[in-house]
1. Output yes when any residue across the range 89-109 is open to solvent by 30 Å² or more (accessible area, probe 1.4 Å), over 19 Å from residue 154 (Cβ atoms) and in a helix (DSSP H, G or I), and no when none is.
2. Which condition does residue 477 not pass, out of (1) open to solvent by less than 30 Å² (accessible area, probe 1.4 Å); (2) in a helix (DSSP H, G or I), if it passes all the others?
3. With the requirement that a residue be open to solvent by 40 Å² or more (accessible area, probe 1.4 Å), of a type outside the set (Val, Ile, Thr) and at pLDDT 85 or above, what does the range 128-146 give you?
4. If you take the residues of the range 367-424 that are of a type in the set (Phe, Trp, Tyr) and out of contact with any Gly (no Cβ under 8 Å at 6 or more places or on another chain), which of them is nearest to residue 453 (Cα to Cα)?
5. Could you tell me how many of the residues in the range 434-470 are at pLDDT 85 or above and either closer than 23 Å to residue 332 by Cα or among the polar types (S, T, N, Q) (or both)?
6. Working only within the range 364-381, note down all residues that are open to solvent by 10 Å² or more (accessible area, probe 1.4 Å) and not charged (D, E, K, R).
7. Restricting the range 304-353 to residues that are open to solvent by less than 40 Å² (accessible area, probe 1.4 Å) and of a type in the set (Asp, Glu), which is nearest to residue 280 (Cα to Cα)?
8. Scan the range 170-189 for residues that are within 10 Å of residue 228 (Cβ to Cβ) and aliphatic (A, V, I, L, M) and jot them down.
Amino acid sequence: MVEVGAHVAYRGQTWQVAALQGQQVYLLQETGAEVNLLLGRLFADPSFEMVGAQTPDVVPQWGLFETVPVAAQQRALAWLPHIREVETGWPHPEGGRDGQTMRPEYDPERWTLAQRDAAKAQELAALGFARVTRTTVERMRYAYRKQGLWGLVDKRVVPTRGRHPTGYADERVVAAVLEALRRQRGRSKGTVKGLQVLVGQILEDTHGRGAVEMPSRSTFYRLVSVLADPADRPGRPARTSTAPARAPSASPVVLRPGEQVQIDTTRLDIMAVLEDGSLGRPELTIAVDLATRSVLAAVLRPHSTKAVDAALLLAEMAVPHPARPTWPSALHLSRAEVPYERMLSLDERLEGAAARPVIVPETIVVDRGKIYLSQGFVAACETLGVSVQSAPPRRPQAKAVVERTFGSINDLFCQHVAGHTGSSPQRRGSATAAEARWTIPQLQDFLDEWITCGWQNRPHDGLRHPVLPKTALTPNQMWAALITISGYVPVPLSGADYLELLPVRWTPITERGIRLDYRTYNHPVLDPHRSQRSPVKARDGKWEVHHNPHDARQIWVRLTDGHLHEIPWIHRGHVHQPFNDQLWRHIQAEVEQRGDREQHEADLADALDQLLRRTCGPAGTENEANHRKRRRARGTAVRLPDLPGQRRPLEAETAPAPAPDWNESLDDLISTDPAAEPGTGDPEGPGTLPAEAGGYGLWDAEAEAEQW
């Protein structure tokens, strides 16, 4: 009660009420300072407080108190009179009435508050209250002042209502999770592990490396479950199949690297930019060693995998993988936990190799796909001394290791790449096509680096050493442990060995060269064999030709000396990037075939070069309007009279030069004619189109021969 003589705290100082007159109050200090102000202003000031006044009882929260078990209610009610007696000296609010007397050990005039707390602790201990000390009594008093009767309830019995959904998680971690969920909105759904990697990157970029500790796995899963929208929550979809689960098959016991290698092909969960500029999911073919769980080889193809890809996969396993110049030194084999010096003395090719195993398989387990049962693949396996074992039909358990590896690649690699499509159409994002920006060669480089630094150095639960059965080893560590027992035997493969693994076609050698799919291959080495029959009678005099379906710029023909000779495409100098058969067929469909075969092939080469120039960069760097503008500028090819020593120019080469378009690429503005450069040749020489006419300097050997 504010009355004359009472002491109050106002603006950090202690005052005494000197007089009260209506709504006016006069405050006075011992130093003689005085102040006159309204009572309402004094009460509204945040620093106002009655000095020595007792805290009024807090209104009990009876609704919340009734939710507490009866035993906890009785315990809180039992504490209430003891707290009052320590505070005021009376156990009940009406103390001192009806002749009641105050117990002397709780008299505020005789004992301090700390002494009364100690006396009450001794009394409660004698009454049977367990583990009650002076500090306990003091803590209960403070809780009663702050929360009233609810403060005396044991919170271990009933948790406090209104707790924040994120609990005691670090606010910086919560903000990072919300930012990661915002970035993933609209994209294909991944897993919580992938989201945890993104959250770690956000925390490192925002607060620095190691500044914020990541929560445990279970805590992080709870945070994502609370903060994520149910429709955008990452994780695996629920299985809807009602078929009974198949019993897992027992894995065979393998003791040596390469004793059993499993090979399979699947679609990758990434949308890539193909050679013709369209989007598609590439096919991934991998070979996994069962003993070390190492990915020995991985090949990406834009469309259906061919038998030559599976055959070249064998050669890739048997030779060291070269480390890229841009890779850090930690990814080199010299830094891996292997006997590098001893292996280098046996195989000099390991110098500068990547930290990946080099294993020649003994047995390969494949499914019944036609590419694995083809004659080319079986012949390649016989050449390397590898036995092929087919898995039973409709039994994916026979190749369980490689099937599970595909799932790990999708979880650990694909969901972090732009253009991720998700594991199912239901989990595909709306912006997948807009995100796709990587070509097949770029994705191949990313995958090779991830296998070297990620998969090969990641502990695998299926790899245990008898000496350390409780420690999971990495594939590289398991390879190093087994290679000390089984040894390392290098298998040198030359360039001719790779050529022997390529698919074979039998074609004649004509006066113009070798004709293959509207492409002409010619070289002076064919002169003695033109229009001649080969010694192979079983092939009706045709010649053995090896070709690479993924790079049609050259072929290899076996002549009478028994060796394979490289024969280039006559327009190889015009097309500067590799192309495959499917891209060539796409160009054939776009360019109308004409009566003149040579002119038609030149038109195909020009269209192919322009297509590869448009699609060599990442997706999204050039809009469709510029594509249409380029097509109008190039025009279409027309028939012109024969010019001796020259190929027939296109309409765009004879038409007036259009206005400059600053959106054109640099390659289109710079001439690629070698004769246009000073000192490189005669621009007016026979067999070439002059540089000022806009040509590419193609040399027509047949036209030159007719002139002479």
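The values are calculated or read from the model by the stated rules, or taken from the named source; none is laboratory data. All figures in this text were calculated on a predicted structure; none of them were measured in a lab. Here Cβ is always computed from backbone atoms with ideal geometry, including for glycine, and neighbour counts include all displayed protein chains. To get the accessible areas, we keep the full protein, side chains included, count just its heavy atoms, and leave off ligands, DNA and RNA. Shrake-Rupley method; radii C 1.70, N 1.55, O 1.52, S 1.80 Å.
1. Keep residues of the range 89-109 that are open to solvent by 30 Å² or more (accessible area, probe 1.4 Å), which gives 90-94, 96-105, 107-109.
So of that shortlist, the ones also over 19 Å from residue 154 (Cβ atoms) come out as 90-94, 96-105, 107-109.
From the residues that got through so far, the ones that are in a helix (DSSP H, G or I) too are 104-105.
The answer is yes, given that some residue of the range 89-109 is open to solvent by 30 Å² or more (accessible area, probe 1.4 Å), over 19 Å from residue 154 (Cβ atoms) and in a helix (DSSP H, G or I).
2. Residue 477 satisfies every listed condition except (1).
3. Step one: of the range 128-146, the residues open to solvent by 40 Å² or more (accessible area, probe 1.4 Å) are 128-131, 133-135, 138-139, 142, 145-146.
Applying the additional criterion that residues be of a type outside the set (Val, Ile, Thr) yields 128-131, 134, 138-139, 142, 145-146.
Passing the criteria: 134, 138, 139, 142.
4. Here is the first cut: in the range 367-424, the ones of a type in the set (Phe, Trp, Tyr) are 372, 377, 406, 413.
Now restrict to residues that are out of contact with any Gly (no Cβ under 8 Å at 6 or more places or on another chain): 372, 377, 406.
Working: 372: 29, 377: 30, 406: 17 Å.
Here the residue is 406.
5. Selection size over the range 434-470: 21.
6. Of everything in the range 364-381, those that are open to solvent by 10 Å² or more (accessible area, probe 1.4 Å) and not charged (D, E, K, R) turn out to be 369, 371, 373, 374, 375, 376, 378, 379.
7. 309
8. 177, 178, 180, 181 - these are the residues of the range 170-189 that are within 10 Å of residue 228 (Cβ to Cβ) and aliphatic (A, V, I, L, M).
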